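The values are calculated or read from the model by the stated rules, or taken from the named source; none is laboratory data. Note that the structure is a prediction, hence the values are computed from the model and not measured. For neighbour counting, all protein chains shown are included, and Cβ atoms are generated from backbone atoms with ideal geometry for every residue, glycine included. Protein only, heavy atoms only, side chains kept; ligands, DNA and RNA dropped before computing areas. Shrake-Rupley method; radii C 1.70, N 1.55, O 1.52, S 1.80 Å.
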Amino acid sequence: MIRLLYCSQAKPDFTKETLDEILLISRKNNSTAGITGVLVHGGGMFMQVLEGPEQQVLRTYMKILDDKRHTDSRIIHISPVKERLFDNWTMGVIEAEPLTFEHVAKLRAHRLESVTADAFYQVMREFNAMLVKT
Ligand SMILES: Cc1cc2nc3c(=O)[nH]c(=O)nc-3n(C[C@H](O)[C@H](O)[C@H](O)COP(=O)(O)O)c2cc1C
């Protein structure tokens, strides 16, 4: 299994309806593909965690990369994993305040190799806590 985290910019005309469409198709496809994760949206940005079988995660990410509803997608973190962090979520969603992205932007500013495991897991724990509240 692998876990992949990326960040992207929503297109300026992105609406709540578009987000609902994405969630609907994601939950359907991801449950078939054995993918779990979370999609964080706010401040004109997306951040998404995809975890599951390597081939399925990469294939899904390729589709997402091609999607014209967002741009400038960059992988922030990718690693092999033994356990899921979001095992109850075929795709959880968090509507975040722009501020939420501040520390994420910091992660993004680093080169991929230098994102420390601590910084990464702190963000993941925060996402998990937000999911439980919603
Ligand atoms: C920010 C963002 C996140 C997305 N996340 C997923 C996802 O987790 N799983 C998925 O199947 N599609 C996701 N999509 C949609 C894909 O880009 C694509 O439209 C969809 O997978 C096509 O499904 P289909 O091959 O069944 O027609 C996402 C799109 C965007 C813009």
TODO: Count, please, the residues in segment 52-84 that happen to be within 27 Å of Pro12 (Cβ to Cβ), out of contact with any Lys or Arg (no Cβ under 8 Å at 6 or more places or on another chain) and open to solvent by 50 Å² or more (accessible area, probe 1.4 Å).
DONE: 6
Open item on the list: Condition first: of a type in the set (A, V, I, L, M, F, W, C) and part of a helix (DSSP H, G or I). Now tell me which residues in segment 1-28 satisfy that.
Closed with: Leu19, Ile22, Leu23, Leu24, Ile25
TODO: Taking Asn29 as the residue in question, decide whether it is under 22 Å from Met1 (Cβ atoms), within 10 Å of the ligand (Cβ to nearest atom) and either in contact (Cβ under 8 Å) with a residue 12 or more places away in the chain or among the polar types (S, T, N, Q) (or both).
DONE: yes
Open item on the list: Can you list residue pairs whose Cβ atoms sit under 8 Å apart, with the first residue in segment 4-21 being free of Cβ contacts under 8 Å to residues at least 60 places away in the same chain and the second being open to solvent by less than 70 Å² (accessible area, probe 1.4 Å) and in a loop (DSSP other than H, G, I, E, B)? Count only pairs 6 or more apart in sequence or on different chains.
Closed with: Pro12/Gly44; Phe14/Gly44
Open item on the list: Quick check on my filter: what residues within segment 110-134 are among the hydrophobic types (A, V, I, L, M, F, W, C) and either at pLDDT below 65 or open to solvent by 90 Å² or more (accessible area, probe 1.4 Å) (or both)?
Closed with: Leu112, Val115, Val132
- [ ] Taking Ile25 as the residue in question, decide whether it is over 10 Å from the mean Cα position of the chain (by Cα) and open to solvent by less than 70 Å² (accessible area, probe 1.4 Å).
- [x] no
Task: Single condition Asp87 does not satisfy, out of (1) surrounded by 13 or more Cβ atoms within 10 Å (Cβ to Cβ); (2) closer than 16 Å to Leu131 by Cβ - done: (1)
Open item on the list: I'm trying to understand the selection: among the residues of segment 78-105, which are modelled with pLDDT under 85, of a type outside the set (A, V, I, L, M, F, W, C) and in contact with a helix residue (DSSP H, G or I) (Cβ under 7 Å, 6 or more places away or on another chain)?
Closed with: His103
Open item on the list: Whether any residue in segment 40-51 is within 23 Å of Lys82 (Cβ to Cβ), more than 10 Å from the ligand (Cβ to nearest atom) and crowded, with 20+ Cβ neighbours inside 10 Å is what I want to check.
Closed with: yes
- [ ] Might you check whether a residue that is closer than 20 Å to Ala129 by Cβ, open to solvent by 10 Å² or more (accessible area, probe 1.4 Å) and modelled with pLDDT under 95 occurs anywhere in segment 1-12?
- [x] no
- [ ] Output yes when any residue across segment 32-39 is assigned to a helix (DSSP H, G or I) and open to solvent by 40 Å² or more (accessible area, probe 1.4 Å), and no when none is.
- [x] yes
